[in-house]
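Shown next, in structure tokens, is the structure this report addresses.
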Amino acid sequence: MNPDQEFRNVIGAIQGFSGRSHADKIRMFAWLQHTHFKKERFQTADINKCYDLLKFKKSNTSHYLREMEGRELLKDKTGYYCEGGFQSKYDELYGEHEITLSVRDMVKNLVDILPELGEQDIMREALICLRHDAGRAAIVMVWNIAFYHLCQYVLKHKLAEFNNRLPIRYPKKWKVADLPVIAVYDDFSDQMSEREVIEVCNSSGIVTGDMYKVYVEKLGKRNSSAHPSTIHVTQVQAEGYIDDLIRNTVLKLTI
């Protein structure tokens, strides 16, 4: 993904950003010059480019930059740069934690593990949510990846074991004539719940006991995150969720 498109995604993940004042927008654009665009110094034109990329109406950018001089921004003969205290404040609000960087490294490994490029894109979008305090959305996205991956693993490597174990694990749930026979991916969601799929995988030995515990715990947290509630998922909680789920399920099931 090119830096301009990733910039749009970063801003798009910040709830209500389009309604912020010009001063607040310029503060964010200034901080991103260093952290996203990797510039030591920036000019008025660099801030205006951010407006253009987002198709936002510009204001008097030069005026706002001058107003911030000596406080949020400093300036030398080569251009503007963020003052240290301001930089630290925005790093804390919007920067990446060490575990987030660890999770980002996992994305590189997923290129060879996830069966479809679409799943890799979902992971990248989840990390954008993660960086900008949208932990609930990140959890839902990453659960979808992990469950999809489990189903694909079953289809490619353990389909007979799964179908043979299904009537043993759930002997009274279906009549014999209605017993599900899994053949393609959609059969999982059409005929079974996610929890039932996980239970059969555990009962048949497709996943280990430790992996089963991770799936069950993470499914419960996904359910809490997906439904309206007053529970707020912090960035650290979401990071731990992703790290545990990807490391201890997806990376252990090679397709």
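Overview of results
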{"item": "Region 200-220 - residue that is in contact with a helix residue (DSSP H, G or I) (Cβ under 6 Å, 6 or more places away or on another chain) and not aliphatic (A, V, I, L, M) and, of those, surrounded by the most Cβ atoms within 10 Å (Cβ to Cβ)", "result": "TYR215"}
{"item": "Residue check, ARG41 in contact (Cβ under 8 Å) with a residue 40 or more places away in the chain, of a type in the set (Lys, Arg) and not assigned by TED's automatic domain parsing to the domain that holds GLN235", "result": "yes"}
{"item": "Selection from region 128-167 of residues that are among the basic types (Lys, Arg) and farther than 18 Å from ASP244 by Cα", "result": "LYS156, LYS158, ARG165"}
{"item": "Within region 175-199, tally of residues that are assigned to a loop (DSSP other than H, G, I, E, B), among the aliphatic types (A, V, I, L, M) and either under 26 Å from the mean Cα position of the chain (by Cα) or surrounded by 11 or more Cβ atoms within 10 Å (Cβ to Cβ) (or both)", "result": "3"}
{"item": "All positions within region 5-22 that are exposed (fewer than 13 other Cβ atoms within 10 Å of the Cβ), part of a helix (DSSP H, G or I) and over 22 Å from the mean Cα position of the chain (by Cα)", "result": "GLY19"}
{"item": "Residue in region 39-52 that is of a type in the set (Asp, Glu), surrounded by 15 or more Cβ atoms within 10 Å (Cβ to Cβ), modelled with pLDDT of 95 or more and assigned to a helix (DSSP H, G or I) present", "result": "yes"}
{"item": "Selection status of LYS25, surrounded by 16 or more Cβ atoms within 10 Å (Cβ to Cβ), touching a residue at least 12 places away in the same chain (Cβ under 8 Å) and basic (Lys, Arg)", "result": "yes"}
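The values are calculated or read from the model by the stated rules, or taken from the named source; none is laboratory data. Since we're looking at a predicted model, the values are computed, not measured. Virtual Cβ from ideal backbone geometry, glycine too; neighbours counted across all protein chains shown.
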